[in-house]
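Here is the structure we will look at.
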Amino acid sequence: MNESHHQFRFFASFAVAGALVGALAGVSSPSSLRFAEERAPGAAYAIIGAAITAPSPFDEVVLTAGAAEVFDVSTGKTIFEKNADAQLPLASLTKIMTAVTALAIAPSYALVPLNNEQWPLKDLLSFSLAASSNEGAAAAAAVAGSFVSGGGDLSDNRNQFITAMNGESEKFGLTETYFLNETGLDESEGLAGGYGSAHDVARLISRAYLTHPELFDATTKQTSLFTKENGNKHEADNTNKIVTDIPLLRASKTGLTDLAGGNLAIVFDAGVGKPIAIAVLGSTEDERFEDVKTLVAATLQYLQKDDPK
């Protein structure tokens with residue numbers, strides 16, 4: 001079981017007006033936001049930022065997910081957590097780090113051969129994030145890895161890339177996160193393609209969004225079209241089925257494998273200059289969406305209560 005079964009669909013050549021990547025309206029420039037670190041120690045569930053005795057919208061939250069975190073990107077505070085440090089399979093959430101690493105070691109305009117076409121690296125990464133394409137992620141990793149290996153064979157390029165992914169993870173301080181492949185597919189019945197915690201994932205997607213907001217534009221839409229120079233069009237059907245249910249969604253990534261169950265990570269704007277990251281791990285294929293919607297609603301209520309103006 002995995003979500004990365006989307007195939008490239010080709011359409012007749014025709015002109016497409018407008019840009020695929022829209023400007024992010026109503027939010028402060030991502031580069032102006034800062035990271036800090038403030039967490040509650042110990043307990044499996046924790047609410048940060050209000051008196052312990054004060055009622056909270058999170059008090060009644062019930063999740064299917066084995067682990068979750070709500071993270072205020074602008075302040076660096078954890079608002080809510082459930083088993084947030086538990087190390088769990090990531091499934092296709094791995095592709096967030098694949099995209100970040102590829103753009104860290106290779107130019108965004110590098111051409112990636114795939115199915116007898118040439119894709120600009122950044123376009124292919126955007127497609128792969130939205131459609132959760134294993135094929136696209138693997139091709140991007142191979143080309144990006146060649147910039148590290150100096151043009152070695154495919155296996156060497158891939159190994160160099162995975163090493164670079166783990167290097168980025170260490171650089172970001174993601175202490176529970178490591179990768180065995182670039183797609184997140186299970187390596188075997190008992191070994192996942194990557195592992196991490198809800199705490200780490202919330203910070204990973206936050207950093208990825210702040211650094212490359214345009215990369216995630218396709219992940220906020222139900223469907224996106226990518227037009228090639230030869231006129232062929234590739235449709236990316238978003239694996240996140242609740243993109244229209246989350247107000248001011250800025251970034252999202254799904255994950256689904258036998259070992260991981262259902263995962264979902266998002267960034268949405270809870271107000272002007274108030275991006276919030278949510279990560280849920282170890283849910284089910286359907287309930288991960290309900291878990292995130294529950295946490296979005298609780299977060300909005302929590303922030304409104306904390307700042308009623």
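The values are calculated or read from the model by the stated rules, or taken from the named source; none is laboratory data. Keep in mind that this is a model prediction, so the values were computed, not measured. Cβ atoms come from the backbone with ideal geometry, glycine included; neighbour counts cover every protein chain shown.
Can you tell me which residues in region 65-79 are under 11 Å from A202 (Cα atoms) and buried (at least 19 other Cβ atoms within 10 Å of the Cβ)? Matches in region 65-79: A68, E69, V70, F71, D72, V73, T78.
Which ones in region 150-198 are of a type in the set (A, V, I, L, M) and over 20 Å from the mean Cα position of the chain (by Cα)? Outline the logic, then answer.
Of the residues in region 150-198, the ones of a type in the set (A, V, I, L, M) are 154, 162, 164-165, 174, 180, 185, 191-192, 198.
Passing the criteria: L154, L191.
Please tell me if K233 is over 20 Å from N134 (Cβ atoms), in contact with a strand residue (DSSP E or B) (Cβ under 7 Å, 6 or more places away or on another chain) and among the basic types (K, R). Walk me through it before giving the result.
Details: over 20 Å from N134 (Cβ atoms): yes; in contact with a strand residue (DSSP E or B) (Cβ under 7 Å, 6 or more places away or on another chain): yes; among the basic types (K, R): yes.
Yes.
Does region 53-65 include one or more residues that are over 21 Å from F289 (Cα atoms), acidic (D, E) and at pLDDT below 95? Checking region 53-65: not a single residue is over 21 Å from F289 (Cα atoms), acidic (D, E) and at pLDDT below 95.
Among the residues of region 83-116, write down those that are of a type in the set (D, E, K, R) and within 16 Å of A236 (Cα to Cα). Of everything in region 83-116, just one residue is of a type in the set (D, E, K, R) and within 16 Å of A236 (Cα to Cα), namely K95. Can you find even one residue in region 201-209 that is over 21 Å from F289 (Cβ atoms) and assigned to a helix (DSSP H, G or I)? Yes: region 201-209 contains one or more residues that are over 21 Å from F289 (Cβ atoms) and assigned to a helix (DSSP H, G or I).
To keep it simple, each residue is scored yes or no on (1) of a type in the set (D, E, K, R); (2) out of contact with any Pro (no Cβ under 8 Å at 6 or more places or on another chain); (3) under 18 Å from E176 (Cα atoms).
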{"residue": "E69", "(1), (2), (3)": "yes, yes, yes"}
{"residue": "S74", "(1), (2), (3)": "no, no, no"}
{"residue": "E81", "(1), (2), (3)": "yes, yes, yes"}
{"residue": "A86", "(1), (2), (3)": "no, yes, yes"}
{"residue": "P89", "(1), (2), (3)": "no, yes, yes"}
{"residue": "I96", "(1), (2), (3)": "no, yes, yes"}
{"residue": "V100", "(1), (2), (3)": "no, yes, yes"}
{"residue": "S108", "(1), (2), (3)": "no, no, no"}
{"residue": "V112", "(1), (2), (3)": "no, no, no"}
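Entry remark, region 53-80: residues being of a type in the set (A, V, I, L, M), touching a helix residue (DSSP H, G or I) at 6+ places or on another chain (Cβ under 7 Å) and either under 23 Å from K274 (Cα atoms) or part of a strand (DSSP E or B) (or both) number 6 in total.
Among E229, E235, which is among the acidic types (D, E) and surrounded by 16 or more Cβ atoms within 10 Å (Cβ to Cβ)?
Numbers: E229 fails: surrounded by 16 or more Cβ atoms within 10 Å (Cβ to Cβ).
Selected residue: E235, the only one of E229, E235 that is among the acidic types (D, E) and surrounded by 16 or more Cβ atoms within 10 Å (Cβ to Cβ).
Here the condition is being of a type in the set (D, E, K, R) and more than 23 Å from D258 (Cβ to Cβ); of E168, E135, it holds for E168 alone.
Filter region 159-198 for residues that are charged (D, E, K, R) and in a loop (DSSP other than H, G, I, E, B); which is surrounded by the most Cβ atoms within 10 Å (Cβ to Cβ)? It would help to see each step written out before you state the result.
So the first thing to find is which residues in region 159-198 are charged (D, E, K, R), and the list is 168, 170-171, 176, 182, 186-187, 189.
Narrowing further to those that are in a loop (DSSP other than H, G, I, E, B): 176, 182, 186-187, 189.
Working: E176: 17, E182: 29, D186: 21, E187: 12, E189: 7.
Among residues in region 159-198 that are charged (D, E, K, R) and in a loop (DSSP other than H, G, I, E, B), the one surrounded by the most Cβ atoms within 10 Å (Cβ to Cβ) is E182.
Could you name every one of the helices (runs of 4 or more DSSP H) located completely within region 88-158 that has at least 3 residues being polar (S, T, N, Q) and modelled with pLDDT of 95 or more?
Working: elements: 94-105, 121-131, 134-149.
Where helices (runs of 4 or more DSSP H) fall fully within region 88-158 and carry at least 3 residues being polar (S, T, N, Q) and modelled with pLDDT of 95 or more, they are 94-105.
Taking the criterion of being surrounded by fewer than 23 Cβ atoms within 10 Å (Cβ to Cβ) and in contact with a helix residue (DSSP H, G or I) (Cβ under 7 Å, 6 or more places away or on another chain), would at least one residue in region 278-300 satisfy it? Yes, region 278-300 has at least one match.
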